[in-house]
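Step one of this worksheet: look at the structure below.
The values are calculated or read from the model by the stated rules, or taken from the named source; none is laboratory data. Note that the structure is predicted; figures quoted are calculated from it, not measured. Cβ placement follows ideal geometry from the backbone for every residue including glycine, while neighbour counts extend to all protein chains displayed.
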Amino acid sequence: MFLVLSGIATGLSCARDYRALQLGPVSKVAPIDKLSVALVIVFGLLFLGERPSLPLLIGGGLIVAGAMVIALF
């Protein structure tokens with residue numbers, strides 16, 4: 001069941017990305033798409049009881065910082 005739900009979510013995500021790329025430039029769409037990884041980290045910490053570790057926090061921070069650099073410059 002989770003595999004099917006994951007497949008559906010992935011398909012919807014790809015369709016959303018394709019539509020976003022039709023509406024805007026890649027330089028603005030790609031950083032927003034990459035923030036989904038950081039959002040999953042936050043959800044895991046808040047709702048799933050994941051324990052924060054230094055590598056997790058550093059990695060999440062680097063993902064957000066990289067997306068901001070790409071989006072702003």
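Odds and ends about this structure:
- Residues (under 19 Å from S13 (Cβ atoms) and either surrounded by 14 or more Cβ atoms within 10 Å (Cβ to Cβ) or of a type in the set (G, A, S) (or both)) located in the stretch 43-59: G44
- Taking the numbered list (1) charged (D, E, K, R); (2) without any contact (Cβ under 8 Å) to a residue 40 or more places away in the chain; (3) in contact with a helix residue (DSSP H, G or I) (Cβ under 9 Å, 6 or more places away or on another chain) in turn, K28 passes all entries but (2).
- In the stretch 45-67, the residues that are free of Cβ contacts under 8 Å to residues at least 60 places away in the same chain and within 24 Å of A30 (Cβ to Cβ) reach residues that are surrounded by 11 or more Cβ atoms within 10 Å (Cβ to Cβ) and of a type in the set (A, V, I, L, M) with C-beta atoms within less than 6 angstrom, at least six apart or across chains, in these pairs: G60/A38; G60/I41; I63/V37; I63/A38; V64/A38; A67/L35.
- Per this entry, L35 is counted among residues that are out of contact with any strand residue (DSSP E or B) (no Cβ under 8 Å at 6 or more places or on another chain), of a type outside the set (K, R) and at pLDDT below 90.
- S6 vs. criteria modelled with pLDDT of 90 or more and either β-branched (V, I, T) or surrounded by fewer than 14 Cβ atoms within 10 Å (Cβ to Cβ) (or both): yes
- For the stretch 9-38, residues that are surrounded by 12 or more Cβ atoms within 10 Å (Cβ to Cβ), among the hydrophobic types (A, V, I, L, M, F, W, C) and either within 14 Å of the chain's Cα centre (by Cα) or over 24 Å from I70 (Cβ atoms) (or both) total 6.
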